[in-house]
Every structure is written in structure tokens, then in C-alpha cells.
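Peer 1: Sending over a structure as C-alpha cells; questions will come in a sec.
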Amino acid sequence: MDTSISPKRSLEILSQKEVENLRVTSKSEDSLHALFRQCALAILHSGKTTDDAAAMLDAYNDFEIDLIQQDRGLRLNLTNAPAQAFVDGEMIASSREMIFSALRDLIYWQSIRQSSSEDLSTSAGITDYVFHLLRNARALVAGELPKLVVCWGGHSINHEEYDYCKDVGHELGLRKLDICTGCGPGAMKGPMKGATIAHSKQRINDGRYLGITEPGIIAAEAPNPIVNELVILPDIEKRLEAFVRMGHGIIVFPGGVGTAEEILYLLGILLHPDNADIPYPLIFTGPASSEAYFVHLHEFIGQTLGIEAQQKYRIVIGNSQQAAKEMAAGIEAVREFRIKQNDAFYFNWALKIDHALQQPFDATHENMAALNLSLELPKHELAANLRRAFSGIVAGNVKPKWVRHIKKHGPYQIKGEPAIMEPLDRLLRSFVDQKRMKLPGSEYIPCYELID
């Protein structure tokens, strides 16, 4: 389909220079125009069951999007756009809104880079940067009591797990809680879908279904159409910090390496001594058929990070109502703590996040091989390095740049102590056996080798 669209919601007026920065056609996959094109294509491709980002980009290699700056405002010209984003020749409203959300976020990154207004060399500077990105996207809502539940989990899950995610989202919605996810399919869509029904029952007309993503993964996890607020962060580390700073509690559903990466990131924060007294409800939950997934995960955490890490979360199996009730109680504790400490409800400034967890990890073969995976490290540092290992596997599985890198140079080599490599190997094998590395029906070829 070819079409021309303009924003229906407000978008900041763009300067001629900002438009020119996005209009420049470049062969570089790091150009601003290429990033916007990739994000827009993923949004228009929403609903297709694929996690092969490179295949999607190849299938629509003639898709183009161009910015037209008019005296009366901005227009986008789209050529050869996916037909599923249109009904009777008109673009679906959610797709239109999310395309302009992507445009808003990418232009803001560019303006910050050019002005050098943020100090990204310090932990506090990175946190300020994340705050400003979220504020510019109008994702921070002052005056609301804590009620935002972040839901993590895999995009490749079975029907029973999806239905359970939806049930939990329904129970959360009945308790007037909002949902934030990575905005893709599977465990990221289910809680939102359940919450929409519950919010309707409770006559809530302003329920929030916040999706947070980043360019490297958006093509593999295209935003689902329930998302009514889309925010695109520059990289996975800032995306993770946005989840943790904005969320008042986190529920983890069954997933794969991406979900394990998210868990290790959060445990790396919660295990830091400075965060010992800060309440942060964390619940792992799934249907009875997924119990083995959580058993393997719980064992891995115990064998690598110890019982202290295991005490940072609760596991609820096969009881969506209990999971939601415990989360609601945990968020009430967060509310009381924030009031007592005079902390903001909309952004968790109190959490200490090490600079090591905030630094973007470049998944080169050299960086993956150089990871320090030793039990002698402080637990929060080991969690950070394990998070990087899982981040590299995610990149090698689904991110086009690193998929091509693996094809050219072979699998990553991950090295560490046998006491870590053996449980890591068991966990990853369980993910493969349970078909959690790729969408059902597709064969998984490992992008890594474990060496002790």
C-alpha cells in the first residue's frame, strides 16, 4: 500500500534540520533514517507471528517512508507498506499513532546527541537521560498513586501460557492496576488483553497499556495493537532501566533468554547493598504446565547467585488470582514506603543502579568471550555479567546485525567457571527443549558455545 499520513495526536513542531536528518537516505544501518524505517515497518507488521527480523526486512526491502515538512505541519509518505496495517485503504489508528511515537522518540534522541545536554559518563547522568526520554514521551504521570505493573515474559509461548498471562492481566485490571510490557506478542500481549476486559468491567476509560521497546529488537517483537502508549528507548539497557524506574512491581511469566536477561538485570539491582531496604515486589508465575520452567530458573539462580537472590521473589504456580493479590499487596507497600520517604510515585529515584548495568553491551565475539563469570565476584556484579551473557544470546538469536555477525564468524564462545557453566548449560538446554528459543515450529540453531 502507498499512503500519506499526518499525526492526529500532537507532535512537537519539527525544524527543517530535524526533518533533513531523518530524510537523508543512508546505506548505514545506524543512520537515523534507517532506524525510523525499521521501527515503522515493525509497527506496520504488527500481528505477524515471526521473530525473524532479517526475513521481515528482506521481505519488505522496497518499503520506504519519507518526511514532508509543510507550512501547516508534518506528513509522512509511505511506499509499499504492509497491507495488513490498512482497512479499506485507511491505516489502522493504532499503527498511525505508534509510527508518530517512534518519530517523536528518535528525533528527541538526535536532538540530545547534538546538543550534548546529557552526561552519559556517569550513572546519575544516564538515569537523568532515561527520565528525560520518558518525560518527553509523556509517559511520566504526576499525581497518580502507584499502580503500574511491569509484565515480562517470552514472545514465543504456547496457548496455555498465553491464556494464563491473560488471566493474570484480567485479575490485575480488576484491581485497577495498569500494565507495562515490552509491547510485543505472547506474554507481552496477554496481560494487556486481559486488563482491557477488566478495566471495561470496572468502567475505567483511561487504562494504561504502556509498551517499552528499543530499535534492536522491535522488528522481532513488533508492538501489539493494544498498546496505547509506545516508547522507544535507544538501547536495551535504557529500556530495562525505564521498566524498573517506572514500574511499581514486576510479574515474570515463562519466557526464554530475553526474560532471563531481564530477571538477572533486576536481581543485579535488588542484590546491591544500597537497595536492601527498598520494597520492590517481584513475582514469577505461570500455569501448572510451566512449573518445570520456573524450577530450572530457580535452581540456576540459587546455584549462581545464592539463596539471597532467591529470596527477592515469590513463585506462584497455576493461580492467577493469588499472583494478582500478592502484587497488589506489594504495590501497597511501595506506596507506603514512597510516602514515608517523600519519593515520587512516577519514577523510582531511590534505586541504586550500578554504572556497569547501565552501559550498553556490544555483543561482539571478543566481548562475549571476555565476560568474567566467577563465583568470587560480588553477587550483584556476577548478576550483571550473567545479564550480559544472556543479552548477547538474545542479540545472536534475533537482532539482524548480530545474526549476520554469527553467520560470518560462527557462534559466540562464553567462558567461565564450571560451577557457573554447568547450571548455565542446563538452563539453556531446558529453554531449547521447551521450544523457548524460537517460535513454535522453527528449529533453533544455537548462536553460542559454553566453555569452562
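Each row is one residue, and each column tells you yes or no for (1) within 16 Å of ALA260 (Cα to Cα); (2) assigned to a helix (DSSP H, G or I); (3) of a type outside the set (Gly, Ala, Ser).
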position: VAL403; (1), (2), (3): no, yes, yes
position: LYS407; (1), (2), (3): no, yes, yes
position: GLN413; (1), (2), (3): no, no, yes
position: ASP425; (1), (2), (3): yes, yes, yes
position: ARG429; (1), (2), (3): yes, yes, yes
position: LEU450; (1), (2), (3): no, no, yes
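Peer 1: Being over 21 Å from the mean Cα position of the chain (by Cα), hydroxyl-bearing (Ser, Thr, Tyr) and either closer than 24 Å to LYS352 by Cα or assigned to a strand (DSSP E or B) (or both) narrows it down to one of SER121, SER111, so name that one.
Peer 2: Among SER121, SER111, only SER121 is over 21 Å from the mean Cα position of the chain (by Cα), hydroxyl-bearing (Ser, Thr, Tyr) and either closer than 24 Å to LYS352 by Cα or assigned to a strand (DSSP E or B) (or both).
Peer 1: With VAL130, VAL150 as the choices, which residue is open to solvent by less than 10 Å² (accessible area, probe 1.4 Å), in contact with a strand residue (DSSP E or B) (Cβ under 7 Å, 6 or more places away or on another chain) and aliphatic (A, V, I, L, M)?
Peer 2: VAL150
Peer 1: Can you tell me how many residues in region 305-342 are crowded, with 16+ Cβ neighbours inside 10 Å and assigned to a loop (DSSP other than H, G, I, E, B)?
Peer 2: Qualifying residue count, region 305-342: 3.
Peer 1: Quick check on my filter: what residues within region 74-96 are surrounded by 19 or more Cβ atoms within 10 Å (Cβ to Cβ) and either closer than 25 Å to ARG245 by Cα or not aliphatic (A, V, I, L, M) (or both)?
Peer 2: Answer for region 74-96, where residues must be surrounded by 19 or more Cβ atoms within 10 Å (Cβ to Cβ) and either closer than 25 Å to ARG245 by Cα or not aliphatic (A, V, I, L, M) (or both): PRO82, SER95, ARG96.
Peer 1: Under 8 Å by Cβ, and 6 or more places apart or on different chains, what pairs join a residue from region 188-215 that is more than 20 Å from ARG138 (Cα to Cα) and among the polar types (S, T, N, Q) with one that is in a helix (DSSP H, G or I) and at pLDDT 95 or above?
Peer 2: Filtered contacts from region 188-215: THR196/GLY173; GLN202/GLY173; GLN202/LEU174.
Peer 1: Residue check: is ASP362 out of contact with any Lys or Arg (no Cβ under 7 Å at 6 or more places or on another chain), free of Cβ contacts under 8 Å to residues at least 60 places away in the same chain and more than 30 Å from ASP178 (Cβ to Cβ)?
Peer 2: yes
Peer 1: Related question: Just need a number here: residues in region 69-89 that are free of Cβ contacts under 8 Å to residues at least 60 places away in the same chain and either among the β-branched types (Val, Ile, Thr) or not in a helix (DSSP H, G or I) (or both).
Peer 2: 6
Peer 1: Answer yes if at least one residue in region 401-424 is within 22 Å of the chain's Cα centre (by Cα), farther than 24 Å from GLU241 by Cβ and surrounded by 14 or more Cβ atoms within 10 Å (Cβ to Cβ), and no otherwise.
Peer 2: Yes, that holds for at least one residue.
Peer 1: Working only within region 283-295, note down all residues that are of a type in the set (A, V, I, L, M) and open to solvent by less than 10 Å² (accessible area, probe 1.4 Å).
Peer 2: ILE283
Peer 1: Hey, any hits in region 435-444 for a residue that's among the basic types (Lys, Arg), open to solvent by 50 Å² or more (accessible area, probe 1.4 Å) and in contact with a helix residue (DSSP H, G or I) (Cβ under 9 Å, 6 or more places away or on another chain)?
Peer 2: There is no residue in region 435-444 that is among the basic types (Lys, Arg), open to solvent by 50 Å² or more (accessible area, probe 1.4 Å) and in contact with a helix residue (DSSP H, G or I) (Cβ under 9 Å, 6 or more places away or on another chain).
Peer 1: Quick one: is ASN136 open to solvent by 30 Å² or more (accessible area, probe 1.4 Å) and over 19 Å from the mean Cα position of the chain (by Cα)?
Peer 2: Here the answer is no, as ASN136 does not meet what is asked.
Peer 1: Sticking with this structure for a sec: Might you let me know whether region 259-271 holds any residue that is touching a His at 6+ places or on another chain (Cβ under 6 Å), open to solvent by less than 20 Å² (accessible area, probe 1.4 Å), part of a loop (DSSP other than H, G, I, E, B) and within 23 Å of TYR313 (Cα to Cα)?
Peer 2: Checking region 259-271: at least one residue is touching a His at 6+ places or on another chain (Cβ under 6 Å), open to solvent by less than 20 Å² (accessible area, probe 1.4 Å), part of a loop (DSSP other than H, G, I, E, B) and within 23 Å of TYR313 (Cα to Cα).
Peer 1: Give ILE278, ILE283 a once-over and let me know the one that is over 17 Å from LEU351 (Cα atoms) and either more than 24 Å from the chain's Cα centre (by Cα) or in contact (Cβ under 8 Å) with a residue 24 or more places away in the chain (or both).
Peer 2: The conditions single out ILE283.
Peer 1: Could you check how many residues of region 348-362 are under 15 Å from ARG239 (Cβ atoms), open to solvent by less than 10 Å² (accessible area, probe 1.4 Å) and in a loop (DSSP other than H, G, I, E, B)?
Peer 2: 1
Peer 1: Read through the list (1) over 30 Å from TYR293 (Cα atoms); (2) touching a helix residue (DSSP H, G or I) at 6+ places or on another chain (Cβ under 6 Å); (3) open to solvent by less than 50 Å² (accessible area, probe 1.4 Å); (4) among the aliphatic types (A, V, I, L, M), then give the number of the only condition that ILE112 fails.
Peer 2: (2)
Peer 1: Failed condition for LYS238, given (1) at pLDDT 95 or above; (2) among the charged types (D, E, K, R); (3) closer than 20 Å to ALA34 by Cα, with all others met?
Peer 2: (3)
Peer 1: Scan (1) within 11 Å of the chain's Cα centre (by Cα); (2) modelled with pLDDT under 95 for the single condition ASN224 breaks and write down its number.
Peer 2: It is condition (1) that ASN224 fails.
Peer 1: Would you mention how many residues in region 43-58 are in a helix (DSSP H, G or I), open to solvent by 70 Å² or more (accessible area, probe 1.4 Å) and either at pLDDT below 65 or not charged (D, E, K, R) (or both)?
Peer 2: Count: 0.
Peer 1: Would you say LYS176 is at pLDDT 95 or above, open to solvent by 10 Å² or more (accessible area, probe 1.4 Å) and at positive phi?
Peer 2: Yes.
Peer 1: Counting residues that are over 30 Å from PRO360 (Cα atoms), which helices (runs of 4 or more DSSP H) fully inside region 150-236 reach at least 1?
Peer 2: 159-174, 190-201
Peer 1: Given the conditions (1) more than 16 Å from the chain's Cα centre (by Cα); (2) over 21 Å from ILE92 (Cβ atoms), report the number of the one that ARG208 does not fulfil.
Peer 2: Evaluating ARG208 over (1) more than 16 Å from the chain's Cα centre (by Cα); (2) over 21 Å from ILE92 (Cβ atoms) leaves (2) as the failure.
The values are calculated or read from the model by the stated rules, or taken from the named source; none is laboratory data. Worth saying up front: this structure is predicted, and the values here are computed from it rather than measured. In this analysis, Cβ positions are derived from the backbone assuming ideal geometry, glycine residues included, and neighbour counts consider all displayed protein chains. These accessible areas exclude ligands, DNA and RNA; they are computed on the full protein's heavy atoms, side chains included. Shrake-Rupley method; radii C 1.70, N 1.55, O 1.52, S 1.80 Å.
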